[in-house]
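See below for the structure under consideration.
Coordinate-derived values only; no laboratory data. All figures in this text were calculated on a predicted structure; none of them were measured in a lab. Neighbour counts run over all protein chains shown; Cβ positions are idealised from the backbone, glycine included.
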Amino acid sequence: MKQATSRIHIAILGSGKGSNAHAIINAAKTNDVAYEVSVIITTRPDSGIAEVGRGQGIPVEVLSADTAENGDQITRIADDYSIELLVLSGFMRMLPTSVIQHLHGQVINIHPALLPAYGGKGMYGRKVHQAVLNAGETVTGVTIHWVTEEYDAGAIIVQETIDILGLRTAEEIEGRVKSVEHSLYPRVINEMALRLEESKN
Ligand code: GRF
């Protein structure tokens, strides 16, 4: 991996368990990684992702319940921590367009299926895996994509296919998908950080 000169500041935005945040933070603990996790942004102070942040000594910012305020809040946090890449993982609200514009489109998300299949409004978490199971699929996957003002509709950056033949529950599928997410997401974030770094030189 190429040695980075200065690390790109990223923020992770989520409402769930925070297992991806944990993997992204852990991956940044070696010297040859081009990003650092500067802040965790969440919707609940008691969420798993908030606990991951606190446990790792990373600042945690909590958004207000009034979603109309979230756009201004996130852009202020992004400025305070000099954020250049916003990473979504399990964020359960619509991201205001003002945030995407403020960050010059540098906002990515991870989805636990092969988009455009099993995506869109209402398709999140276990629901995705249950729908995949109900349809009798033998493969599913992970999609990392750019975030736009429409749910799960931004251009795809990378997809990885996962064999789920023989898995019998949504929980089992989720476990297999998450283990792929935990290696894929840090790798892609690092590549994007390197590219951002290079674009400055
Ligand atoms: C992940 O499965 C991701 O694909 C989806 O939400 C889940 C977040 O999980 N968007 P975690 O909070 O990172 O454990």
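Just a few scattered comments:
- Among the numbered conditions (1) crowded, with 20+ Cβ neighbours inside 10 Å; (2) within 15 Å of the ligand (Cβ to nearest atom); (3) small (Gly, Ala, Ser); (4) over 13 Å from the mean Cα position of the chain (by Cα), the only one that residue 153 does not meet is (1).
- Within the option set 10, 40, being in contact (Cβ under 8 Å) with a residue 12 or more places away in the chain, within 13 Å of the ligand (Cβ to nearest atom) and closer than 30 Å to residue 176 by Cα holds for one residue only, 40.
- Within the stretch 156-201, the set of residues being within 15 Å of the chain's Cα centre (by Cα), of a type outside the set (A, V, I, L, M, F, W, C) and not in a strand (DSSP E or B) comprises 178, 179, 181, 182, 183, 185, 186, 187, 190, 191.
- Taking every residue in the stretch 122-138 that is within 18 Å of residue 15 (Cα to Cα) and pairing it with any residue that is assigned to a helix (DSSP H, G or I) and aromatic (Phe, Trp, Tyr), at least 6 positions away or on another chain, yields no pair with a Cβ-Cβ distance below 6 Å.
- Qualifying residue in the stretch 127-143 (condition: within 11 Å of the ligand (Cβ to nearest atom), closer than 21 Å to residue 25 by Cα and among the β-branched types (Val, Ile, Thr)): yes
- Filtering the stretch 29-44 to residues that are surrounded by 20 or more Cβ atoms within 10 Å (Cβ to Cβ) and over 19 Å from residue 93 (Cβ atoms) leaves 33, 34, 35, 37, 38.
- Taking the stretch 173-190 as the range and being away from the ligand (no atom under 14 Å from the Cβ) and closer than 18 Å to residue 128 by Cα as the test, no residue passes.
- Residues considered: 125, 136, 154, 141. Of these, the only one that is over 13 Å from residue 178 (Cα atoms), out of contact with any Phe, Trp or Tyr (no Cβ under 8 Å at 6 or more places or on another chain) and not aromatic (Phe, Trp, Tyr) is 136.
- Candidate set: the stretch 13-28, residues that are of a type in the set (Gly, Ala, Ser), within 12 Å of the ligand (Cβ to nearest atom) and part of a loop (DSSP other than H, G, I, E, B); chosen: the one surrounded by the most Cβ atoms within 10 Å (Cβ to Cβ): 18
- Residue 132 under 25 Å from residue 191 (Cβ atoms) and of a type in the set (Val, Ile, Thr): no
- Test: residue in the stretch 56-67 that is out of contact with any Leu (no Cβ under 8 Å at 6 or more places or on another chain), within 22 Å of residue 182 (Cα to Cα), buried (at least 22 other Cβ atoms within 10 Å of the Cβ) and of a type in the set (Gly, Ala, Ser): no
- Residue within the stretch 80-88 that is without any contact (Cβ under 8 Å) to a residue 60 or more places away in the chain, crowded, with 17+ Cβ neighbours inside 10 Å and charged (D, E, K, R) present: no
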